[in-house]
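One structure is given below, encoded as C-alpha cells.
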Amino acid sequence: MIRTFPSFPAPLALGLALCSVVPVLGASELQTTVESGSPPPGKAPEGMVWVPGGEFAMGSGEAATGTCSPETVRDAQPTVRVKLAGFWMDRTEVTNEAFGKFIQATGYRTIAEIAPTKEEFPDAPPEALVAGAVVFRPTPGEVPLRDHLQWWTYIKGANWRHPEGPGSDLKGRDHHPVVHIAWPDAVAYAKWAGKRLPTEAEWEFAARGGLSGKTYAWGDEFKPDGKFMANTWQGRFPVKDEALDGFAGTAPVASFPANRYGLHDMAGNVWEWVADWYRADAYPAMARAAGNAPIANPKGPASSWDPAEPNVPKRSQRGGSFLCTDQYCTRYMVGTRGKGDTHTPTSHAGFRCVKSGE
C-alpha cells in the first residue's frame, strides 16, 4: 500500500452534486426497515449504543433531477435487501481526546506523522518526501468545481495533532472528531480499543435509525422546521463557509441531535472510514448474488476498484463532512457513499467503531 502523494483524488474528487433530489419509491419490500427487536446483550460498553439489527434496503433510493449529478447516487444503486445481526456502535465519532489516549498508551505513529519513502515514490525529489497530510484551504474566489486541487494542499507537518499544519493545535478541540486518520490508523485504534470498524451495511443501517427509505438520517427534509441537523457547508463553496449551522470546520461531537438509536453526526462533520473495500460495482454484484433473498451480514467486496483510479486501493467512507454542500457534494444523504485512498490522511476524515453483540 502506498500514499497518494502529493495529489489525492480519493476522498475528495467526489463529483459535482448540485442537486434537488426526490425519493424514488420502489417495491415496498425494498423500502421497509424491519428491526429485529433483539435486546442489548448486557450493559452497554462505555460510549456505545445498541443497534438492534434487522432487515433494510441498503443503498440510495434517490434519483438525480434538475442539475443534480447522477454520480452522487450511481455507485449506491440498485438498493439491496440486507439482514444484519445486532451490534454496539460508538455514540459519536472518535474524538481527539480518545485518540490521544490510544497514542499515549501505545506510542503509535499515524501515517501522516511518517515521511514517505523513496521506495514509495521513486520519482519524487528528496525535498518532497516529508511527513504531512492533505488540508482543505478556502480559495480567494470562485474556482471551477471540477478541479479539487484548487482547495486541497499537501501540508508538511499536518497531522492529527496539528490539523491545519504547523502552528495549529488541538487547544479547545478535545471533543472534536480526530482527523488526518488514514484507514490503517483507524484499524489500529479499533483493535486497541477491543472494537472494529463497521461494515458499510452496519454503518448505513445504524445511520438510518430504523427509518425506511429516507433521504437523510433524520427524514426527507434537509432542515426540518428550519433547523440544521448536521454540520455541513453554508455559503459559496469553496470560498467561505458562512457557518450558519454554528460551525466552520469540524464541530464538537454530539453538537446536533442524535438519531433514534442515539447516534450523533451520522451526516456531516467528518467522513467516517468503514471496513469495506470500495468498488463502484459493488451494489449490482450484491443484487445479482442475492436474487430475492436478503444478504446476511455482508462484509463487502474482496478487492478495490474505482474506474477513475483503478490502481489506487480504496476503502469506503460514509456520512459526508463539514465540507459537503448542495453545490458540490451531497453525500450527507444517508444512502450515498464516499471513497478514500487507504493511506491518504485528510482534514475531513475520521471514524467511529463498532463491537459485535455476542
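The values are calculated or read from the model by the stated rules, or taken from the named source; none is laboratory data. Note that the structure is predicted; figures quoted are calculated from it, not measured. All Cβ positions, glycine included, derive from the backbone under ideal geometry; neighbour counts span all protein chains shown.
Just to be sure I understand, how many residues within segment 260-276 are within 18 Å of ALA98 (Cα to Cα), assigned to a loop (DSSP other than H, G, I, E, B) and touching a strand residue (DSSP E or B) at 6+ places or on another chain (Cβ under 9 Å)?
Summing the residues that are within 18 Å of ALA98 (Cα to Cα), assigned to a loop (DSSP other than H, G, I, E, B) and touching a strand residue (DSSP E or B) at 6+ places or on another chain (Cβ under 9 Å) in segment 260-276 gives 4.
Quick test of your reading of the structure: PHE256 fulfils all but one of (1) within 17 Å of PRO177 (Cα to Cα); (2) buried (at least 18 other Cβ atoms within 10 Å of the Cβ); (3) in contact (Cβ under 8 Å) with a residue 60 or more places away in the chain. Name the failing condition by number.
(3)
Considering every residue within segment 271-280, establish whether at least one is closer than 14 Å to ASN231 by Cα and either touching a Cys at 6+ places or on another chain (Cβ under 8 Å) or of a type in the set (Gly, Ala, Ser) (or both).
Checked segment 271-280: no residue is closer than 14 Å to ASN231 by Cα and either touching a Cys at 6+ places or on another chain (Cβ under 8 Å) or of a type in the set (Gly, Ala, Ser) (or both).
Applying the selection to segment 297-337, what residues are part of a strand (DSSP E or B) and either modelled with pLDDT of 95 or more or more than 19 Å from GLY59 (Cβ to Cβ) (or both)?
The answer is TRP305, LYS314, ARG315, SER316, GLN317, ARG318, THR325.
Just checking, which of ARG318, ARG352, ARG337 is buried (at least 24 other Cβ atoms within 10 Å of the Cβ) and touching a Gly at 6+ places or on another chain (Cβ under 8 Å)?
Result: ARG318 is the single residue among ARG318, ARG352, ARG337 that is buried (at least 24 other Cβ atoms within 10 Å of the Cβ) and touching a Gly at 6+ places or on another chain (Cβ under 8 Å).
Any residue that is of a type in the set (Val, Ile, Thr) and modelled with pLDDT under 95 - is there at least one of those in segment 163-185?
No, because not a single residue in segment 163-185 is of a type in the set (Val, Ile, Thr) and modelled with pLDDT under 95.
Check whether at least one residue in segment 237-259 is under 19 Å from the mean Cα position of the chain (by Cα) and not in a loop (DSSP other than H, G, I, E, B), and report yes or no.
There is no residue in segment 237-259 that is under 19 Å from the mean Cα position of the chain (by Cα) and not in a loop (DSSP other than H, G, I, E, B).
Which residue out of PRO224, PRO238, PRO257, PRO184 is on the phi < 0 side of the Ramachandran plot and in contact with a strand residue (DSSP E or B) (Cβ under 8 Å, 6 or more places away or on another chain)?
Step by step, each of PRO224, PRO238, PRO257, PRO184 is checked, and only PRO238 is on the phi < 0 side of the Ramachandran plot and in contact with a strand residue (DSSP E or B) (Cβ under 8 Å, 6 or more places away or on another chain).
So ALA290 fits all but one of (1) among the small types (Gly, Ala, Ser); (2) out of contact with any strand residue (DSSP E or B) (no Cβ under 7 Å at 6 or more places or on another chain); (3) touching a residue at least 60 places away in the same chain (Cβ under 8 Å); what number is the exception?
In the conditions (1) among the small types (Gly, Ala, Ser); (2) out of contact with any strand residue (DSSP E or B) (no Cβ under 7 Å at 6 or more places or on another chain); (3) touching a residue at least 60 places away in the same chain (Cβ under 8 Å), ALA290 misses (2) alone.
Inspect all residues belonging to segment 268-278 and state whether any of them is within 18 Å of PRO52 (Cβ to Cβ), in contact with a helix residue (DSSP H, G or I) (Cβ under 9 Å, 6 or more places away or on another chain), modelled with pLDDT of 95 or more and not acidic (Asp, Glu).
No, segment 268-278 has no match at all.
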